[in-house]
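Everything on this sheet refers to the single structure shown next.
The values are calculated or read from the model by the stated rules, or taken from the named source; none is laboratory data. The shown structure was predicted, so the numbers you read here are calculated from the model rather than taken from an experiment. Note that each Cβ is placed from the backbone with ideal geometry, even for glycine, and that neighbours are counted across all protein chains shown.
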Amino acid sequence: MTDADKGRRRGIVVLLLVVLVLLAAGGGAWLLTHGGHSSASADAPRAAYEVVEVRRQTLSVGSTLAGKLGYGPAEGIPIRAVGTVTWLPRSGTVVRRGGTVMRVDDKPVSLMYGETPAYRTLEDTSAAPPGPDERTAGGERPAPKPAPRPLVGPDVAQLEANLVDLGYRGFEPDDEFTAATAAAVRAWQADIGAAVTGRVELGEVLFRSGPIRVVADPAALGSDAPSTAVQRTATEKVVTASAPAGSVEWAEIGARVKVTLPDQHTVAATVRAVGRTPDDAGNVDLRLALRNPARGPRAGAVTISYVAQQRKDVLAVPVTALVALAEGGYGVQLADGGAFVPVTPGLYAEGEVEVTGNIEAGTRIRVPR
């Protein structure tokens, strides 16, 4: 290759390099012209705070308590029958009005509804003839003895009410045990396989306020201890728990709570009973009724979620809005970035805090991001 050819080739290379530099410079200028603003906007620093308003709201603090799902503790039943226990129902049986709680000496002990416990034999005392008149020492005949009066009382009234509800008629329900009442009793006794006497012996009927779910002791069958042969529980599933006596202010009768069942489903419940006397550990018993007892498992451990503290219609701000003041205490900064308004924190709940002080609802304040 001649020196002239080499010179021409070097010139072409230099020219190409100049063109490339010019193109690169033009592309950079285009990027600066068309893309510079977007890049600067994307990289602009965000504000370190946001502005919110002080609001009135209800603040609640929740808590939990361990409980048990079941039918509650078994309680004794005042059985007054005397004799040998000859039959018991299966545990878990719900006995209703007219049902048999047990058999003693092969005689049924029937459940009837009423608040007055059985305490005497119920019979027609007016049917007894008056005793013979006794002459005085002087041989004079005294005034005749008054005729026997019928048996009267609330236990008679509730017996007659039960007979009517069981379908026995022929008498006017009141609080007097009359011959018509005795006739209805005989019809009832014949139907249940009891001795037909027309009177209700003490122990033949168990009066309770409603149905009972029976827990029977199989070992009592054949024993002479009817009073301990059966116990009762609630007829529907309930939640029971124990808590320190000083921590159950929330548990007012009717208070609503949430219950997480063993299968992790959550259902609604209400407080039905709160114990008044603490046990040796200082705890009281709680009983809660499920809104839908038929749902969920029969028994197991549960978690009770309740509102432990609550403030209604209070001024509240995000907790992060509080600023420690140099002179002590806390304040919030107004939206314009100027003054700090001193406030007194109250209840903290779910990221919000109750505040009081020289501040009103609607005031705009700064909250750090």
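Right, residue 131: buried (at least 16 other Cβ atoms within 10 Å of the Cβ), part of a loop (DSSP other than H, G, I, E, B) and at pLDDT below 95 or not? Answer is no for this residue. Within segment 194-240, restricting attention to residues that are over 29 Å from residue 266 (Cα atoms) and of a type in the set (D, E, K, R), the residue that is surrounded by the fewest Cβ atoms within 10 Å (Cβ to Cβ) is 224.
Checked against the criterion of being over 30 Å from residue 73 (Cβ atoms) and loosely packed, with under 15 Cβ neighbours inside 10 Å, the candidates 349, 316, 299, 339 yield just one match: 339.
Among residues of segment 84-107 that are basic (Lys, Arg), those with a Cβ under 6 angstrom from a residue that is surrounded by fewer than 20 Cβ atoms within 10 Å (Cβ to Cβ) and modelled with pLDDT of 95 or more, sequence gap 6+ or separate chain, pair up as 96/211; 97/113; 103/86; 103/87. The residues of segment 238-271 that are over 15 Å from residue 291 (Cα atoms) and either in contact with a Pro (Cβ under 9 Å, 6 or more places away or on another chain) or not in a loop (DSSP other than H, G, I, E, B) (or both), listed by number, are 241, 242, 243, 244, 245, 246, 247, 262, 263. Within the option set 245, 184, 289, 251, being closer than 30 Å to residue 160 by Cβ and not acidic (Asp, Glu) holds for one residue only, 184. The condition of being farther than 17 Å from residue 101 by Cβ, touching a residue at least 60 places away in the same chain (Cβ under 8 Å) and not assigned by TED's automatic domain parsing to the domain that holds residue 281 holds for only one of 165, 217, that being 165. Elements of the type strands (runs of 3 or more DSSP E) sitting completely within segment 272-369 and holding at least 3 residues that are under 30 Å from residue 70 (Cα atoms): these cover 283-290, 300-318.
Mind telling me which of the residues 246, 275, 254, 328 ends up being surrounded by 15 or more Cβ atoms within 10 Å (Cβ to Cβ), out of contact with any Gly (no Cβ under 6 Å at 6 or more places or on another chain) and without any contact (Cβ under 8 Å) to a residue 60 or more places away in the chain? The unique qualifying residue is 275. Each residue in segment 59-73 was checked for being aliphatic (A, V, I, L, M) and either over 24 Å from the mean Cα position of the chain (by Cα) or surrounded by fewer than 16 Cβ atoms within 10 Å (Cβ to Cβ) (or both), and 2 pass.
Tell me the residue from 64, 136, 86, 121 that is of a type outside the set (D, E, K, R) and at pLDDT below 95, please.
Result of the check over 64, 136, 86, 121: 136.
The sole residue among 96, 56, 103 that is farther than 29 Å from residue 257 by Cα and over 26 Å from the mean Cα position of the chain (by Cα) is 103.
Any idea which of 97, 90 is exposed (fewer than 14 other Cβ atoms within 10 Å of the Cβ) and either in contact with a Gly (Cβ under 9 Å, 6 or more places away or on another chain) or not in a strand (DSSP E or B) (or both)?
So the residue among 97, 90 that is exposed (fewer than 14 other Cβ atoms within 10 Å of the Cβ) and either in contact with a Gly (Cβ under 9 Å, 6 or more places away or on another chain) or not in a strand (DSSP E or B) (or both) is 90.
Residue count for segment 152-172 under the criterion of being surrounded by 14 or more Cβ atoms within 10 Å (Cβ to Cβ), modelled with pLDDT of 95 or more and not in a helix (DSSP H, G or I): the result is 3.
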